Amino acid sequence: MARIKFKGLLDLGEKEILKFYPDLKPFLDEIKERGWSYAFTDIVGEAEAVLDLEKLSFRLHYYPPRIERFEEEGKYTIEAEIGASPPAMLKVLSVEEFKIRISSEHSWSAVKIDPQRKVITYIEGVLYDYLFSKEKTPRKLSEAREVYEIAKFLIEEKGFKPEDRYVVERYKELVDLFEKPYSFDISLELTVKNEDKVPGWRELLNQLSEFFYERGLLMKLKEEKKQFLPGKKPIP
(Lines give C-alpha, C1' and ligand atoms only; values in the text may rest on other atoms or scores of the structure.)
Protein backbone atom coordinates (compact mmCIF):
# COMPACT_ATOMS: atom_id res chain seq x y z
CA MET A 1 0.00 0.00 0.00
CA ALA A 2 1.22 3.50 -0.81
CA ARG A 3 0.07 6.97 0.06
CA ILE A 4 -0.57 8.83 -3.21
CA LYS A 5 -0.98 12.58 -3.53
CA PHE A 6 -2.93 13.59 -6.62
CA LYS A 7 -4.46 16.69 -8.15
CA GLY A 8 -7.45 16.86 -10.44
CA LEU A 9 -11.20 16.34 -10.42
CA LEU A 10 -12.55 15.35 -7.01
CA ASP A 11 -15.94 14.04 -5.98
CA LEU A 12 -16.61 15.90 -2.73
CA GLY A 13 -19.56 16.80 -0.57
CA GLU A 14 -20.56 20.28 0.51
CA LYS A 15 -19.03 19.84 3.97
CA GLU A 16 -15.54 19.29 2.55
CA ILE A 17 -15.78 22.30 0.24
CA LEU A 18 -17.01 24.63 2.99
CA LYS A 19 -13.94 23.79 5.05
CA PHE A 20 -11.95 25.76 2.50
CA TYR A 21 -14.67 28.32 1.65
CA PRO A 22 -16.70 28.99 4.82
CA ASP A 23 -17.75 32.45 3.56
CA LEU A 24 -19.81 30.72 0.88
CA LYS A 25 -22.38 29.35 3.34
CA PRO A 26 -24.59 32.51 3.64
CA PHE A 27 -24.91 32.59 -0.13
CA LEU A 28 -25.93 28.92 -0.22
CA ASP A 29 -28.44 29.50 2.57
CA GLU A 30 -29.98 32.33 0.58
CA ILE A 31 -30.39 30.04 -2.43
CA LYS A 32 -32.27 27.53 -0.28
CA GLU A 33 -34.40 30.26 1.32
CA ARG A 34 -35.63 31.22 -2.16
CA GLY A 35 -36.83 27.68 -2.76
CA TRP A 36 -34.03 26.65 -5.10
CA SER A 37 -31.57 23.80 -4.78
CA TYR A 38 -27.90 23.56 -5.67
CA ALA A 39 -25.14 21.05 -6.28
CA PHE A 40 -21.37 21.35 -6.54
CA THR A 41 -19.75 20.23 -9.78
CA ASP A 42 -16.43 20.40 -11.68
CA ILE A 43 -14.48 20.31 -8.42
CA VAL A 44 -10.71 20.54 -8.83
CA GLY A 45 -8.35 20.09 -5.92
CA GLU A 46 -5.62 18.05 -4.31
CA ALA A 47 -6.01 15.04 -2.05
CA GLU A 48 -4.24 12.01 -0.60
CA ALA A 49 -5.37 8.41 -0.91
CA VAL A 50 -4.04 4.95 -0.11
CA LEU A 51 -3.61 2.63 -3.12
CA ASP A 52 -2.28 -0.85 -3.59
CA LEU A 53 0.28 -0.28 -6.35
CA GLU A 54 0.58 -3.98 -7.15
CA LYS A 55 -3.08 -4.14 -8.07
CA LEU A 56 -3.11 -1.08 -10.27
CA SER A 57 -3.44 -1.41 -14.03
CA PHE A 58 -2.04 1.53 -16.01
CA ARG A 59 -2.96 2.57 -19.52
CA LEU A 60 -1.59 5.25 -21.80
CA HIS A 61 -4.44 7.03 -23.57
CA TYR A 62 -4.45 9.63 -26.35
CA TYR A 63 -7.24 12.24 -26.59
CA PRO A 64 -7.56 13.80 -30.07
CA PRO A 65 -8.11 17.56 -30.39
CA ARG A 66 -11.61 18.63 -29.41
CA ILE A 67 -13.25 20.28 -32.40
CA GLU A 68 -15.83 22.13 -30.30
CA ARG A 69 -13.00 23.87 -28.40
CA PHE A 70 -10.93 24.53 -31.53
CA GLU A 71 -7.91 22.65 -30.16
CA GLU A 72 -5.04 22.13 -32.57
CA GLU A 73 -3.27 19.36 -30.67
CA GLY A 74 -4.39 16.36 -28.66
CA LYS A 75 -3.01 15.19 -25.34
CA TYR A 76 -1.81 12.04 -23.62
CA THR A 77 -2.87 10.80 -20.20
CA ILE A 78 -1.89 7.88 -18.00
CA GLU A 79 -4.94 6.25 -16.46
CA ALA A 80 -4.90 3.79 -13.56
CA GLU A 81 -7.66 1.20 -13.21
CA ILE A 82 -8.18 0.58 -9.48
CA GLY A 83 -11.01 -1.94 -9.59
CA ALA A 84 -14.65 -1.87 -8.60
CA SER A 85 -14.16 -0.05 -5.29
CA PRO A 86 -12.71 3.48 -5.08
CA PRO A 87 -9.75 4.13 -2.79
CA ALA A 88 -10.39 5.43 0.67
CA MET A 89 -9.65 9.14 0.59
CA LEU A 90 -7.51 10.02 3.56
CA LYS A 91 -7.38 13.78 3.34
CA VAL A 92 -8.46 16.62 1.07
CA LEU A 93 -5.50 18.99 0.87
CA SER A 94 -7.05 21.78 -1.18
CA VAL A 95 -10.06 22.77 -3.29
CA GLU A 96 -8.90 25.16 -5.98
CA GLU A 97 -11.95 25.59 -8.16
CA PHE A 98 -15.53 24.41 -8.52
CA LYS A 99 -18.87 25.39 -9.97
CA ILE A 100 -22.37 25.39 -8.53
CA ARG A 101 -25.42 24.22 -10.45
CA ILE A 102 -28.60 25.97 -9.27
CA SER A 103 -31.94 24.30 -9.94
CA SER A 104 -35.57 25.27 -9.54
CA GLU A 105 -38.74 23.22 -9.27
CA HIS A 106 -39.14 22.71 -13.02
CA SER A 107 -35.57 23.30 -14.20
CA TRP A 108 -33.02 20.75 -13.02
CA SER A 109 -30.00 22.78 -14.17
CA ALA A 110 -31.22 26.34 -14.59
CA VAL A 111 -27.93 28.15 -14.09
CA LYS A 112 -24.32 27.19 -13.48
CA ILE A 113 -21.94 29.61 -11.79
CA ASP A 114 -18.31 29.98 -10.82
CA PRO A 115 -18.63 31.66 -7.39
CA GLN A 116 -14.91 32.43 -7.08
CA ARG A 117 -14.86 34.46 -10.30
CA LYS A 118 -18.47 35.62 -9.79
CA VAL A 119 -19.47 34.65 -13.32
CA ILE A 120 -22.42 32.76 -14.78
CA THR A 121 -21.03 30.06 -17.03
CA TYR A 122 -24.35 28.62 -18.26
CA ILE A 123 -28.04 29.52 -18.47
CA GLU A 124 -30.45 26.82 -19.59
CA GLY A 125 -32.07 27.51 -22.95
CA VAL A 126 -35.64 26.75 -21.96
CA LEU A 127 -37.18 29.11 -24.52
CA TYR A 128 -36.25 27.26 -27.69
CA ASP A 129 -39.12 24.77 -27.63
CA TYR A 130 -41.47 27.50 -26.46
CA LEU A 131 -40.56 29.95 -29.22
CA PHE A 132 -40.65 27.42 -32.03
CA SER A 133 -43.58 25.35 -30.83
CA LYS A 134 -47.15 25.96 -31.93
CA GLU A 135 -48.37 24.90 -28.50
CA LYS A 136 -47.02 27.38 -25.95
CA THR A 137 -47.62 25.35 -22.81
CA PRO A 138 -47.74 26.96 -19.35
CA ARG A 139 -45.07 24.53 -18.13
CA LYS A 140 -42.49 25.99 -20.48
CA LEU A 141 -43.40 29.52 -19.44
CA SER A 142 -43.19 28.64 -15.76
CA GLU A 143 -39.84 26.96 -16.35
CA ALA A 144 -38.54 30.00 -18.21
CA ARG A 145 -39.78 32.27 -15.41
CA GLU A 146 -37.87 30.23 -12.83
CA VAL A 147 -34.64 30.41 -14.83
CA TYR A 148 -35.18 34.15 -15.30
CA GLU A 149 -35.63 34.71 -11.56
CA ILE A 150 -32.42 32.85 -10.73
CA ALA A 151 -30.38 34.68 -13.38
CA LYS A 152 -31.82 38.05 -12.35
CA PHE A 153 -31.03 37.36 -8.68
CA LEU A 154 -27.42 36.50 -9.50
CA ILE A 155 -26.83 39.42 -11.86
CA GLU A 156 -28.78 42.23 -10.24
CA GLU A 157 -28.49 41.35 -6.55
CA LYS A 158 -25.24 39.40 -6.30
CA GLY A 159 -23.14 41.11 -8.96
CA PHE A 160 -22.43 38.07 -11.13
CA LYS A 161 -21.45 38.66 -14.77
CA PRO A 162 -22.10 36.45 -17.80
CA GLU A 163 -18.96 34.56 -18.81
CA ASP A 164 -19.42 34.98 -22.57
CA ARG A 165 -21.82 36.14 -25.26
CA TYR A 166 -23.73 32.85 -25.23
CA VAL A 167 -24.73 33.42 -21.61
CA VAL A 168 -25.63 37.03 -22.44
CA GLU A 169 -27.87 35.85 -25.30
CA ARG A 170 -29.70 33.39 -23.06
CA TYR A 171 -30.25 36.09 -20.45
CA LYS A 172 -31.41 38.53 -23.15
CA GLU A 173 -34.07 36.08 -24.30
CA LEU A 174 -35.44 35.86 -20.77
CA VAL A 175 -35.34 39.62 -20.27
CA ASP A 176 -37.12 40.17 -23.60
CA LEU A 177 -39.85 37.74 -22.60
CA PHE A 178 -40.58 38.91 -19.06
CA GLU A 179 -39.51 42.55 -18.94
CA LYS A 180 -40.54 43.70 -22.44
CA PRO A 181 -37.65 46.20 -22.66
CA TYR A 182 -36.90 48.61 -25.47
CA SER A 183 -34.83 46.92 -28.18
CA PHE A 184 -33.23 48.11 -31.39
CA ASP A 185 -31.02 46.73 -34.16
CA ILE A 186 -27.68 48.06 -35.31
CA SER A 187 -25.67 47.14 -38.39
CA LEU A 188 -21.88 47.33 -38.55
CA GLU A 189 -19.61 47.30 -41.56
CA LEU A 190 -16.00 46.62 -40.59
CA THR A 191 -12.92 47.16 -42.72
CA VAL A 192 -9.74 45.21 -42.01
CA LYS A 193 -7.03 47.85 -41.59
CA ASN A 194 -4.45 45.76 -39.72
CA GLU A 195 -4.90 42.02 -40.19
CA ASP A 196 -2.40 41.18 -37.44
CA LYS A 197 -4.63 42.85 -34.85
CA VAL A 198 -7.85 41.15 -35.92
CA PRO A 199 -8.88 38.61 -33.26
CA GLY A 200 -10.65 35.32 -33.88
CA TRP A 201 -14.35 35.58 -34.70
CA ARG A 202 -15.45 34.10 -31.38
CA GLU A 203 -13.12 36.40 -29.42
CA LEU A 204 -14.34 39.43 -31.34
CA LEU A 205 -18.00 38.62 -30.59
CA ASN A 206 -17.22 38.07 -26.91
CA GLN A 207 -15.47 41.43 -26.75
CA LEU A 208 -18.40 43.17 -28.44
CA SER A 209 -20.87 41.47 -26.11
CA GLU A 210 -18.86 42.54 -23.06
CA PHE A 211 -18.53 46.09 -24.43
CA PHE A 212 -22.31 46.46 -24.73
CA TYR A 213 -23.04 44.62 -21.46
CA GLU A 214 -20.91 47.06 -19.48
CA ARG A 215 -23.05 49.84 -20.95
CA GLY A 216 -26.37 48.29 -19.98
CA LEU A 217 -27.07 46.57 -23.30
CA LEU A 218 -27.63 42.87 -24.00
CA MET A 219 -26.32 41.83 -27.40
CA LYS A 220 -27.47 38.96 -29.58
CA LEU A 221 -25.96 38.24 -32.97
CA LYS A 222 -28.52 37.86 -35.73
CA GLU A 223 -27.43 34.84 -37.73
CA GLU A 224 -27.24 35.18 -41.48
CA LYS A 225 -26.83 32.64 -44.25
CA LYS A 226 -23.30 33.79 -44.99
CA GLN A 227 -21.22 33.22 -41.86
CA PHE A 228 -17.57 33.09 -41.04
CA LEU A 229 -16.16 29.76 -39.99
CA PRO A 230 -15.84 29.46 -36.19
CA GLY A 231 -12.33 30.13 -34.97
CA LYS A 232 -11.32 31.91 -38.19
CA LYS A 233 -10.61 35.59 -38.55
CA PRO A 234 -13.57 37.56 -39.94
CA ILE A 235 -11.75 38.41 -43.14
CA PRO A 236 -13.36 38.12 -46.59
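Take the range 117-141 and flag every residue that is modelled with pLDDT under 95 and in contact with an Asp or Glu (Cβ under 7 Å, 6 or more places away or on another chain).
Val126, Leu127, Lys140, listed by residue number.
Taking only the range 163-219 into account, find how many residues are outside any loop (DSSP other than H, G, I, E, B), surrounded by fewer than 14 Cβ atoms within 10 Å (Cβ to Cβ) and polar (S, T, N, Q).
Total meeting the criteria: 1.
Among what's in the range 99-112 and is among the aliphatic types (A, V, I, L, M) and at pLDDT 95 or above, pick the residue that is surrounded by the most Cβ atoms within 10 Å (Cβ to Cβ).
Pass one, the range 99-112, residues among the aliphatic types (A, V, I, L, M): 100, 102, 110-111.
If we keep only those that are at pLDDT 95 or above as well, we get 100, 102, 111.
Values: Ile100: 21, Ile102: 23, Val111: 28.
So, considering only residues that are among the aliphatic types (A, V, I, L, M) and at pLDDT 95 or above, the one surrounded by the most Cβ atoms within 10 Å (Cβ to Cβ) is Val111.
So that you can scan it fast, the table gives a plain yes or no per residue for (1) under 30 Å from Glu149 (Cβ atoms); (2) not in a loop (DSSP other than H, G, I, E, B):
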site	(1), (2)
Leu12	yes, no
Lys15	yes, yes
Phe40	yes, yes
Val50	no, yes
Glu54	no, yes
Leu60	no, yes
Glu97	yes, yes
Ile102	yes, yes
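Would you be able to say whether some residue in the range 76-98 is surrounded by 13 or more Cβ atoms within 10 Å (Cβ to Cβ), modelled with pLDDT of 95 or more and either among the small types (Gly, Ala, Ser) or within 22 Å of Phe153 (Cβ to Cβ) (or both)?
Yes, the range 76-98 contains a residue that is surrounded by 13 or more Cβ atoms within 10 Å (Cβ to Cβ), modelled with pLDDT of 95 or more and either among the small types (Gly, Ala, Ser) or within 22 Å of Phe153 (Cβ to Cβ) (or both).
Taking the condition of a type in the set (S, T, N, Q) and surrounded by fewer than 10 Cβ atoms within 10 Å (Cβ to Cβ), does Ser57 pass? Steps first, please.
Details: of a type in the set (S, T, N, Q): yes; surrounded by fewer than 10 Cβ atoms within 10 Å (Cβ to Cβ): yes.
Criteria met by Ser57.
The values are calculated or read from the model by the stated rules, or taken from the named source; none is laboratory data. Keep in mind it's a predicted model, so treat the numbers as computed, not measured. Reconstructed Cβ throughout: ideal geometry from the backbone, glycine too, with neighbour counts over all protein chains shown.
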